[in-house]
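Notes follow once the structure below has been shown.
The values are calculated or read from the model by the stated rules, or taken from the named source; none is laboratory data. Note that this is a predicted model, so its numbers are computed, not measured. Quick reminder, even Gly has a Cβ in these numbers, built from the backbone with ideal geometry, and neighbours come from all protein chains shown.
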């Protein structure tokens, strides 16, 4: 298939660029994912999409392209109340309170699949914390599914999940800008968990990712502006939260806790990791305790429970 005409539609500039349809996006990215893809076309498409901005349909098509290349996708299944937790940002200013909530919910019987990038320069990743906490890393989707049933939690890295997307994800230093590969990785939900908690950094991605999940037939997801881009709610101030249920999405909010704001200054990575492990052991300050409580409520909803008191749909 000659994808040059489709790339041209995306790359026509500020006033001429067009969004691709879902099937068109899948076709283009399926070809560009191949290790022998034309690197000029790949670079042009990634940068053109960055300048234009992705649509929900394009994101859904990109996700479908990656899923079709993931070994075991659609064969390995997660338990009914499982929650997908994509962690692709890492942290440098505050401990991983959302992982403390994840461990707590795992122990309460909610299976949780964590996927992400094992190493991010200058940041502490989810895997670096979970590894120290004894969580097992899977090499295959079937292995991850087995771990959810036997241990209640599993981690799988994008490097094993989709080597092709991992390669494109790591082009950022050469491109000089972030590409849509990051958002696609967050939306993969490789075991098709019924629930998903998904963080983002830039405001427009709340509605875009919710729209993509609707097109991908995601059962339910909570998509929100998270701490440093990770799937961690704030306690001290309101942030954008989009709730997606089947073919509907709407904004929700919760009562603010007040108190200490999220840290603004970077910490040493060793101190940050120790702080995260301290939280995983159950020791929190006031802000951290509020975040863990809200995250547990989010996990419960994603696992199929009713939304907790204090949450409401925005009018």
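Couple of notes before you dig in:
- Failed item, numbered, when residue 246 is tested on (1) over 22 Å from residue 90 (Cα atoms); (2) surrounded by 14 or more Cβ atoms within 10 Å (Cβ to Cβ): (2)
- Filtered residues of the stretch 4-24 (kept if assigned to a loop (DSSP other than H, G, I, E, B) and modelled with pLDDT of 90 or more): 11, 12, 16, 17, 18, 19, 20, 21
- Candidates 232, 265 - the one that is in contact (Cβ under 8 Å) with a residue 12 or more places away in the chain and surrounded by fewer than 21 Cβ atoms within 10 Å (Cβ to Cβ): 265
- From the options 194, 227, residue that is under 25 Å from residue 106 (Cα atoms), surrounded by fewer than 23 Cβ atoms within 10 Å (Cβ to Cβ) and modelled with pLDDT of 95 or more: 194
- Filtered residues of the stretch 25-46 (kept if in a helix (DSSP H, G or I) and over 16 Å from residue 184 (Cβ atoms)): 39, 40, 41, 43, 44
- Count of residues meeting criterion [in a loop (DSSP other than H, G, I, E, B), farther than 14 Å from residue 281 by Cα and touching a residue at least 60 places away in the same chain (Cβ under 8 Å)] in the stretch 118-137: 2
- Filter result for residue 54 (assigned to a loop (DSSP other than H, G, I, E, B) and farther than 29 Å from residue 142 by Cα): yes
- Here the stretch 155-173 is the region considered, the condition is being free of Cβ contacts under 8 Å to residues at least 40 places away in the same chain and over 18 Å from residue 71 (Cα atoms), and the residue that is surrounded by the fewest Cβ atoms within 10 Å (Cβ to Cβ) is 173.
- Listing of helices (runs of 4 or more DSSP H) fully contained in the stretch 201-315 that carry 2 or more residues being in contact with a helix residue (DSSP H, G or I) (Cβ under 8 Å, 6 or more places away or on another chain) and within 30 Å of residue 57 (Cα to Cα): 205-215, 286-302
- Scanning the stretch 62-112 for residues that are within 19 Å of the chain's Cα centre (by Cα), more than 15 Å from residue 298 (Cβ to Cβ) and not in a loop (DSSP other than H, G, I, E, B) yields a count of 7.
- Residue check, residue 269 outside the structural domain of residue 57 (by TED's automatic domain parsing) and farther than 18 Å from residue 102 by Cβ: yes
- Checklist (1) farther than 16 Å from residue 84 by Cβ; (2) at pLDDT 95 or above; (3) in contact with a strand residue (DSSP E or B) (Cβ under 9 Å, 6 or more places away or on another chain) applied to residue 239, failing item: (2)
- When the test is whether a residue is within 21 Å of residue 295 (Cα to Cα), in the same structural domain as residue 244 (by TED's automatic domain parsing) and touching a strand residue (DSSP E or B) at 6+ places or on another chain (Cβ under 7 Å), residue 197 passes it.
To keep it simple, each residue is scored yes or no on (1) outside the structural domain of residue 192 (by TED's automatic domain parsing); (2) in contact with a helix residue (DSSP H, G or I) (Cβ under 9 Å, 6 or more places away or on another chain); (3) closer than 19 Å to residue 142 by Cβ.
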residue: 73; (1), (2), (3): yes, yes, yes
residue: 78; (1), (2), (3): yes, yes, yes
residue: 90; (1), (2), (3): no, yes, no
residue: 93; (1), (2), (3): no, yes, no
residue: 104; (1), (2), (3): no, yes, no
residue: 108; (1), (2), (3): no, yes, no
residue: 115; (1), (2), (3): no, yes, yes
residue: 119; (1), (2), (3): no, yes, no
residue: 126; (1), (2), (3): no, yes, no
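- Among the residues of the stretch 148-166, those that are out of contact with any helix residue (DSSP H, G or I) (no Cβ under 8 Å at 6 or more places or on another chain) and under 13 Å from residue 190 (Cβ atoms) comprise 148, 160.
- Filter pass, residue 185 being in the same structural domain as residue 124 (by TED's automatic domain parsing), assigned to a helix (DSSP H, G or I), more than 24 Å from residue 71 (Cα to Cα) and in contact with a strand residue (DSSP E or B) (Cβ under 7 Å, 6 or more places away or on another chain): no
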